[in-house]
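Quick notes on the structure that follows.
The values are calculated or read from the model by the stated rules, or taken from the named source; none is laboratory data. Since the model is a prediction, treat every value here as computed from it, not as a measurement. In this analysis, Cβ positions are derived from the backbone assuming ideal geometry, glycine residues included, and neighbour counts consider all displayed protein chains. The protein model used for the area step is the full one, side chains on, heavy atoms only, and it has no ligands, DNA or RNA in it. Shrake-Rupley method; radii C 1.70, N 1.55, O 1.52, S 1.80 Å.
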Amino acid sequence: PDAQRVGTVGRPLPGTAVLLLFVLSGFAGLVYQSLWSHYLGLVLGHAAYAQSLVLAIFMGGMAGGAWLAARLGLRWRRLLRAYALAEAAIGVLGLAFHPVFAGYLGLSEAVLPVLGDGVAGQLYPWLSGALLILPACLLLGATFPLLSAGWLRAAPDQDARVLGGLYFANSLGAAFGALGATFLLLPRLGMPGAMAVAAMVNLAVAAAAWWLAWRHERIDAAPM
């Protein structure tokens, strides 16, 4: 197959802008995690159970998403655009979560009496709750390898700076997200409004990332 080289158009990818995007991405991710605990608490009946399930699926899903992105990303040429699409998909799932959850509650009211108090009835809220948040968790896990690999292709001699900077930016955004969800978004907007804010942040990140990719990411085909 033809060798592919990814370069930059005009000037190098702006590091400050990329780090800001990942601060916002980390913020939205922890808002989701906080809100999912509240939502699933309505299903599982106990906040501790909901927090344990959300944490397990959040961390496991992110690990799975990172693994898939690392494996599949080797074949992708436009990683920054792939990152933008992942952020957009997270935003769409965030906007859809509350109405989907409302429909899920209605379905559960019909399903649980049929399942009864046996093993199936006890497993249903755990498995169905996990499936509600798993797709977004996989996409959240894919964002770091996609963005870091895309940036490293543009700045291959700055690997330590790129990876360290992205990890710091995401962790900083996550801290703001956890605090913001608890003390600002939930008290003022409730769960649906807070979810919508996080989703709009993801969509804004996706739009900005797509613009950066369009301006700075180029594929040059080289001969064999």
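Observations, loosely collected:
- Pairs, first within 13 Å of L152 (Cα to Cα) and in a helix (DSSP H, G or I) in region 70-81, second open to solvent by 60 Å² or more (accessible area, probe 1.4 Å) and of a type in the set (D, E, K, R), C-beta under 7 Å, six or more apart: L79/R153
- Put simply, of L140, L123 the only residue that is touching a helix residue (DSSP H, G or I) at 6+ places or on another chain (Cβ under 9 Å), open to solvent by less than 60 Å² (accessible area, probe 1.4 Å), of a type in the set (A, V, I, L, M) and part of a helix (DSSP H, G or I) is L140.
- Of the listed requirements (1) in contact with a Cys (Cβ under 9 Å, 6 or more places away or on another chain); (2) surrounded by fewer than 18 Cβ atoms within 10 Å (Cβ to Cβ), G116 misses just one: (1).
Residues checked against (1) farther than 29 Å from A209 by Cα; (2) touching a helix residue (DSSP H, G or I) at 6+ places or on another chain (Cβ under 6 Å):
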residue	(1), (2)
Y32	no, yes
G41	yes, yes
L55	no, no
W67	no, no
L72	no, no
A84	no, yes
E87	no, yes
V92	no, no
V114	yes, no
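- Looking at G193, G177, just one residue is under 27 Å from S148 (Cα atoms) and either touching a Leu at 6+ places or on another chain (Cβ under 9 Å) or open to solvent by less than 20 Å² (accessible area, probe 1.4 Å) (or both), and that residue is G177.
- Test: residue in region 156-167 that is at pLDDT 90 or above, assigned to a helix (DSSP H, G or I) and of a type in the set (D, E, K, R): no
- L53 part of a helix (DSSP H, G or I) and under 16 Å from L132 (Cβ atoms): yes
- Residue match in region 74-87 (condition: small (G, A, S) and under 23 Å from A178 (Cβ atoms)): yes
- Residues of region 93-138 that are modelled with pLDDT of 95 or more and touching a Gly at 6+ places or on another chain (Cβ under 6 Å): L134, C137, L138.
- L42 within 16 Å of A130 (Cα to Cα), assigned to a helix (DSSP H, G or I) and out of contact with any Leu (no Cβ under 7 Å at 6 or more places or on another chain): yes
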